[in-house]
Amino acid sequence: MSDNDANHDPVASRRKARRLALVLGLVAIALYVGFILMSVLQASH
Amino acid sequence: MAHADTHDHHDHDHKPAGIGRWLFATNHKDIGTMYLLWALFMFFLGGAMALGIRLELFKPGMQWFDPGFYNSLVTNHALIMIFGAVMPAWVGLANWMIPLQVGAPDMALPRMNNYSFWILPFAFTLLLSSFFTAGGAPAGGWTLYPPLSLQAGDSFPLTIFAIHMMGISSIMGAINVIVTIMNMRAPGMTLLKLPLFCWTWLITAYLLIAVMPVLAGAVTMLLTDHYFGTSFFNPAGGGDPVMFQHIFWFFGHPEVYILILPAFGIVSEIIPAFSRKPLFGYDAMVYATASIAFLSFIVWAHHMFTVGMPLAGQTFFMMSTMLIAIPTGVKVFNWTATMWKGSLSFEPPMLFALAFLFLFTIGGFSGLMLAIAPADFQYQDTYFVVAHFHYVLVPGAVFGIMAGVYYWLPKWTGHMYNMTLAKWHFWVSTISVNVLFFPQHFLGLAGMPRRIPDYSTQFTDWNMVSSVGGFVFGFSQLLFVVLIWQCARGGAKATDKVWDGMMTGLEWTVASPAPYHSFTEAPDLTGVADSHH
Ligand code: HEM
Ligand SMILES: [Cu+2]
């Protein structure tokens, strides 16, 4: 298995880490909103 | 494993001084320590509530508490143990060990790490302050089912906001784990060289991000139903209380795997170390963990067989639940095969790992019994369920945490601990935990319901036995505290390798105690073979 994502360059790694963290945080928020919206639809049909 | 020079000789371990070191902590070791001490404190608080429960149940009839307060004890015991003790203990171990195991100087996002920890004291102050509100603390069970949970008094919004804060804390913790493992590994540390604790935590972290928002959504809807006139779960307004149960358990079942997967990882490291043999089937362990995580999303309704599902639904959830036994069986087989013809020794971490292996498996078997829909109609909401989940959670998850602490404590403090005391702690805990929980199977099969402060007299004997086991187990945990205290203060000097076993992780290449800053220059593992392929 390749280790392209490993920490060869600390500055670049941290930048990649922050980007991935942002994506994961947005996924979490989307799930929160998504489940509430789904329930709104379910309750109003 | 690696022969990299990782001792940081040029490093002057300058630690920030005073209280600021902790309040503004960004060092993964300091934050790990705070998480672990927090978890220990919560174990005793939640444990005190559990002893209150066992005190009341020692005899039939109402002895000590009024029923409402008893129900608050049950509810808060669960919330504190799950969100205050077991999860923070795992995050503490992750903080301490993941950077050391992947060869990184720290977690990838140290400031977020600080926020994740410091949210917790606020969340639990909020939760516990509800004991002093009109109507008392929440008492509808940790599952918060409406309409019962909506009958709470002023405690209700406090509980909901506390759960939101715990959720935010653990999502931030999970994000940190993922980005640290994905982006901060030392060169040459390919994913399939990772120690299994990193692998199981990585998968746990994805589960956390997937389901904590679902719980947050569910409790937000409870809040709006209570205060803002919505009727998500209120049939009078066109809603459906069963929908809450679906949403809750879509979170809840992955949650129980969040509590156990890191224990699988720790046991998968300890058993090879003290069998002096590489883990049998490393890749299979990784894939089994991933399968369990995947399956944990499609089994949730086994918690709700009795709500009146269509037969097809019951069959589906029964079958999918039983499928989980396959990857779980792979794991138990691999742990056993690792020991086969190994050169075994029984240091405290190994003792806890072996107790885990036997006793967690008992919990797995009672889980299989509960997964049989027609049988579950009988078992549902009885002490049999209580026995099941305490077997997987106490000699399962909690013993996994203890095994990890006994394994790495000398690496943290630089001292060996008192082996005699550790063995006393192990044996008293292991015997008493069975005295505490095994009889609950009998009580449940005989029909004793869960979450009640009183019971009819035919259940007396086994309840007395269970309560005695509970008090012995609870007080024997003081031995653990004494041991940790002594080990922090002094003791025989620990070597870098600490144990005379097959120590393969990078954490054993740094000094004991691990220097305040480690791996400031990444070790290079390119081309270095690992022990398991
Ligand atoms: C072979 C694996 C497992 C199976 C087949 C299984 C099956 C079940 C079933 C069917 C129930 C619902 C019982 C009822 O309410 O009538 C249940 C409850 C429960 N299980 Fe498991 N389980 C397994 C493993 C685990 C693990 C690993 C954990 C946690 C570490 C766990 C924690 C729980 C908890 C906390 C409950 C009760 C929740 C509540 O109602 O408050 N289980 N299990
Ligand atoms: Cu479940």
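The values are calculated or read from the model by the stated rules, or taken from the named source; none is laboratory data. Bear in mind that the values here come from a model prediction, so they are computed numbers and not experimental data. Here the Cβ positions follow ideal geometry from the backbone for every residue, glycine too, while neighbour counts run over all protein chains shown. Each accessible area value is taken on the protein alone, full model and side chains, heavy atoms only, with ligands, DNA and RNA left out. Shrake-Rupley method; radii C 1.70, N 1.55, O 1.52, S 1.80 Å.
Observations on the model:
- The set of residues in the range B:474-533 that are open to solvent by 60 Å² or more (accessible area, probe 1.4 Å) and touching a strand residue (DSSP E or B) at 6+ places or on another chain (Cβ under 6 Å) is empty.
- All positions within the range B:57-77 that are open to solvent by less than 20 Å² (accessible area, probe 1.4 Å) and not in a loop (DSSP other than H, G, I, E, B): B:Tyr70, B:Ser72, B:Leu73, B:Thr75, B:Asn76
- From the list A:Ala21, A:Ala6, A:Ala17, A:Ala12, the one residue that fits, being at pLDDT below 75, aliphatic (A, V, I, L, M), open to solvent by less than 30 Å² (accessible area, probe 1.4 Å) and more than 30 Å from B:Pro235 (Cα to Cα), is A:Ala6.
- Restricting the range B:230-273 to residues that are polar (S, T, N, Q) and farther than 21 Å from B:Ile401 by Cβ, the residue that is nearest to ligand 1 (Cβ to nearest atom) is B:Gln245.
- Residues of the range B:112-130 satisfying the condition of being in contact with a Phe, Trp or Tyr (Cβ under 9 Å, 6 or more places away or on another chain) and open to solvent by 40 Å² or more (accessible area, probe 1.4 Å): B:Leu126
- Here B:Phe197, B:Phe250 are screened, and the one residue that is open to solvent by less than 20 Å² (accessible area, probe 1.4 Å) and either of a type in the set (Phe, Trp, Tyr) or over 26 Å from B:Asp500 (Cβ atoms) (or both) is B:Phe197.
- Residue pairs whose Cβ atoms lie under 7 Å apart, sitting 6 or more positions apart in sequence or on different chains, and linking a residue in the range A:13-39 that is at the interface with chain B (Cβ under 7 Å from one of its Cβ atoms) to a partner that is buried (at least 19 other Cβ atoms within 10 Å of the Cβ) and basic (Lys, Arg), do not occur here.
- Residue satisfying condition, being away from chain A (no Cβ under 14 Å), away from ligand 2 (no atom under 16 Å from the Cβ) and surrounded by 21 or more Cβ atoms within 10 Å (Cβ to Cβ), within set B:Ala337, B:Ala371, B:Ala353, B:Ala301: B:Ala353
- B:Thr190 vs. criteria more than 10 Å from every other protein chain (Cβ to nearest Cβ), farther than 19 Å from B:Met112 by Cα and among the hydroxyl-bearing types (Ser, Thr, Tyr): no
- Answer residue from the range B:340-350, given it is at negative phi and over 19 Å from the mean Cα position of the chain (by Cα) and is most open to solvent (accessible area, probe 1.4 Å) among those: B:Trp340
- Summed over the range B:389-421, residues that are open to solvent by 40 Å² or more (accessible area, probe 1.4 Å) and within 8 Å of ligand 1 (Cβ to nearest atom) total 2.
- In the range B:374-390, residue farthest from B:Gly141 (Cα to Cα) [restricted to those that are more than 12 Å from ligand 2 (Cβ to nearest atom) and of a type in the set (Phe, Trp, Tyr)]: B:Phe377
- Within the range B:274-372, helices (runs of 4 or more DSSP H) holding 3 or more residues that are away from ligand 1 (no atom under 12 Å from the Cβ), over 30 Å from B:Trp427 (Cα atoms) and in contact (Cβ under 8 Å) with a residue 24 or more places away in the chain: B:282-295
- Exclusive hit being within 16 Å of ligand 2 (Cβ to nearest atom) and in contact with a Phe, Trp or Tyr (Cβ under 9 Å, 6 or more places away or on another chain), set B:Gly265, B:Gly252, B:Gly239: B:Gly252
- When B:Phe131, B:Phe197 are checked against the criterion of being in contact with a Gly (Cβ under 6 Å, 6 or more places away or on another chain) and away from every other protein chain (no Cβ under 12 Å), a single residue qualifies: B:Phe197.
- The residues of the range B:304-313 that are over 17 Å from B:Asp381 (Cβ atoms) and either surrounded by 16 or more Cβ atoms within 10 Å (Cβ to Cβ) or of a type outside the set (A, V, I, L, M) (or both), listed by number, are B:Pro310, B:Gly313.
- Output for the range B:488-532, where each listed residue is under 21 Å from B:Ala422 (Cβ atoms) and touching a Gly at 6+ places or on another chain (Cβ under 6 Å): B:Ala494, B:Ser512, B:Pro513
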